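Colleague: Pasting a structure below so you can have a look.
The values are calculated or read from the model by the stated rules, or taken from the named source; none is laboratory data. Please read all numbers here as calculations on a predicted model, not as lab measurements. Methodologically, a virtual Cβ is constructed for each residue, glycine included, from the backbone with ideal geometry; neighbour enumeration extends over all protein chains shown.
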Amino acid sequence: MKKHSKPPKRDRLFVKVWEGVVPEREYSFFFLCKGKVLGGSRTREVFNIEKKVDYCTDCPCLYVFLSSKKSDRNMFSFHIKPFSALTVRELHAVTSLREQVFYLEQRVTTLDADAKDLLSVYLWVESEGETVGTLRMIPRGVSYPEASIGRVSVLPSFRHRGICRQMMQRAIEYMEREWNVESICISAQSYLISYYESIGFHVVSDEYLEAGIRHRKMLWNAADQG
């Protein structure tokens, strides 16, 4: 196969866009042709672009080989505890993370810590001793008639690596197993509606403001899951 000396400009741009922004459940390699992914070897791991080789002779396309972040599978540890069982260090780490995301990043000025914290079960994720993601699970009858999930937050530098999806899935599994829930309610920021729909939630309210940010109420039903 004849090789071009360098990739066409639009392919270089396309490849650059994918570097560092490859979502979870991607390919071990891509076959790119005219800016489109034509095929590849599917996997559930997250990948970084390692090298680019093999240009076609009659159109500007190329193969992009990806190397797995093998350390990702082992570098994240997930923990679940009720509020009453948290150590001072664990509570401080979770609170600090929420402050970074909600106060510093999203500029929320309403109170973060509330009485619901005392009734919640916490799920958090650590990477090399650092807390990088967290959420709280709230029993039925506290926020809504249904059990609920809230305060979902991941450090910016750890996003696009599947952490939030794993947290949500683990939270749902815990609530089904320990609380025997059949439905779960969340108050989702409007720009994340499609993301939560991909996890199995569906919109059940009009848009409203919460802490100055547009939200919509969403519901997950066990009976709707395939």
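Colleague: Where residues in the range 177-199 are within 14 Å of the chain's Cα centre (by Cα) and small (Gly, Ala, Ser), which of them is surrounded by the most Cβ atoms within 10 Å (Cβ to Cβ)?
Modeller: Ala188
Colleague: Name the residues in the range 101-143 that are surrounded by 12 or more Cβ atoms within 10 Å (Cβ to Cβ) and of a type in the set (S, T, N, Q), would you?
Modeller: Gln106, Ser120, Ser127, Thr131, Thr134, Ser143
Colleague: Turning to a different aspect of this structure: Test Ser148 against the criterion of being within 17 Å of Ser120 (Cβ to Cβ) and touching a Cys at 6+ places or on another chain (Cβ under 6 Å), and give yes or no.
Modeller: Values: within 17 Å of Ser120 (Cβ to Cβ): yes; touching a Cys at 6+ places or on another chain (Cβ under 6 Å): yes.
Against the criterion (within 17 Å of Ser120 (Cβ to Cβ) and touching a Cys at 6+ places or on another chain (Cβ under 6 Å)), Ser148 qualifies.
Colleague: To continue, here is another question. Taking the range 128-143 only, how many residues are hydroxyl-bearing (Ser, Thr, Tyr) and either part of a strand (DSSP E or B) or not assigned by TED's automatic domain parsing to the domain that holds Thr87 (or both)? Before the answer, list the steps.
Modeller: First, pick out the residues of the range 128-143 that are hydroxyl-bearing (Ser, Thr, Tyr): 131, 134, 143.
With the extra rule that they be either part of a strand (DSSP E or B) or not assigned by TED's automatic domain parsing to the domain that holds Thr87 (or both), the set shrinks to 131, 134.
Result for the range 128-143: 2.
Colleague: Another question, if that's okay. For the range 144-163, which positions are at pLDDT 95 or above, part of a loop (DSSP other than H, G, I, E, B) and not aromatic (Phe, Trp, Tyr)?
Modeller: Correct list: Pro145, Glu146, Leu155.
Colleague: Please specify each residue of the range 205-222 satisfying the condition of being loosely packed, with under 11 Cβ neighbours inside 10 Å and at pLDDT 95 or above.
Modeller: Our first condition is that a residue be loosely packed, with under 11 Cβ neighbours inside 10 Å; within the range 205-222, this holds for 206, 209, 212.
Residues satisfying the conditions are Asp206, Leu209.
Colleague: Would you mind stating whether Leu123 is in a helix (DSSP H, G or I), closer than 15 Å to Ile149 by Cα and touching a helix residue (DSSP H, G or I) at 6+ places or on another chain (Cβ under 6 Å)? Lay out the reasoning, then the answer.
Modeller: On the way: in a helix (DSSP H, G or I): no; closer than 15 Å to Ile149 by Cα: yes; touching a helix residue (DSSP H, G or I) at 6+ places or on another chain (Cβ under 6 Å): yes.
So Leu123 fails the test.
Colleague: Same structure again: Which of the numbered conditions does Leu209 fail, given that it passes all the others? Conditions: (1) touching a residue at least 12 places away in the same chain (Cβ under 8 Å); (2) assigned to a strand (DSSP E or B); (3) over 22 Å from Leu86 (Cβ atoms).
Modeller: Going through (1) touching a residue at least 12 places away in the same chain (Cβ under 8 Å); (2) assigned to a strand (DSSP E or B); (3) over 22 Å from Leu86 (Cβ atoms) one by one, Leu209 breaks only (1).
Colleague: Here is a follow-up. If I filter the range 144-167 for residues that are assigned by TED's automatic domain parsing to the domain that holds Lys116, of a type in the set (Lys, Arg), surrounded by fewer than 18 Cβ atoms within 10 Å (Cβ to Cβ) and in contact (Cβ under 8 Å) with a residue 12 or more places away in the chain, do I get at least one hit?
Modeller: Going through the range 144-167, the residues assigned by TED's automatic domain parsing to the domain that holds Lys116 turn out to be 144-167.
The next check asks that each one be of a type in the set (Lys, Arg); those that pass are 151, 159, 161, 165.
Imposing the further condition that a residue be surrounded by fewer than 18 Cβ atoms within 10 Å (Cβ to Cβ) reduces the set to 159, 165.
If we keep only those that are in contact (Cβ under 8 Å) with a residue 12 or more places away in the chain too, we end up with 165.
Yes: one or more hits.
Colleague: If only one of Ile193, Ile172, Ile213 is closer than 19 Å to Val121 by Cβ and of a type outside the set (Ser, Thr, Tyr), which one is it? Explain how you work it out, then say what you get.
Modeller: On the way: Ile193 fails: closer than 19 Å to Val121 by Cβ; Ile213 fails: closer than 19 Å to Val121 by Cβ.
None of the others qualify; the one that does is Ile172.
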